[in-house]
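Chemist: Sharing a structure, written as structure tokens. Questions coming.
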């Protein structure tokens, strides 16, 4: 559990992201606004990128309850509505971060949640973890693509309708992929 100073730094960082792009945020500016020493900052965070990692982990962690369909759709809707309500902050991050870094954050955050979503649907099929990972990876790429398109469209998409449609497709992809995988494992009746 972070202490009050740790939380103060994270909250201040979030407020600064509302005002300016990530590349303009400095440790000096943060410690001045927080009224803390440089040593105090470095006690809590290795550098500005470590702070970014922790802040993103905290923010994205609010939306990772993806293990069943209802929670999945509500989590994604909540995340996108939150992005839309903090549009300036999101674009400050999106425009400042490399595509590689952004993908890493989103993929890492959603990896176990999407895997669990897939695994809960295959409990009786006894598929190998590698196959489940491939199916969950495909789903994660779909979610990431949807998010990127949402950003490209200026966050003007109908979030609730779009996520409901994505959820239907997502569920169909998982069901079909699991069924195909199970069929591959069954012995052939031709032989």
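None of the figures in this text is laboratory data; all of them are computed from the coordinates on show. These numbers come from a predicted model, not from an experiment. Reconstructed Cβ throughout: ideal geometry from the backbone, glycine too, with neighbour counts over all protein chains shown.
Chemist: Calculate, in nm to one decimal, what residue 91 and residue 33 gain on full extension: separation in residues at 0.36 nm each, minus their alpha carbon distance.
Modeler: The span from residue 91 to residue 33 would gain 18.6 nm if fully extended.
Chemist: Treat region 4-53 as a sphere of radius equal to its Kirkwood radius over Cα pairs and apply Stokes-Einstein at 37 °C in a medium of 0.692 mPa s; give the translational diffusion coefficient in µm²/s, rounded to a whole number.
Modeler: 309
Chemist: A follow-up question, please. Taking the chain, how much of its Cα-Cα pair set, in percent, is spaced more than 29 angstrom apart?
Modeler: 35
Chemist: Could you list 139, 83, 34 so that the one with the fewest beta carbons within 10 Å of its beta carbon is first and the one with the most is last?
Modeler: On the way: 139 24, 83 21, 34 16.
With the sparsest Cβ surroundings first, the list reads 34, 83, 139.
Chemist: Continuing with this model, one more query. Over region 10-102, how many percent of alpha carbon pairs lie in each 5 Å bin up to the one with the longest distance?
Modeler: 2, 12, 21, 22, 17, 13, 7, 4, 2, 0
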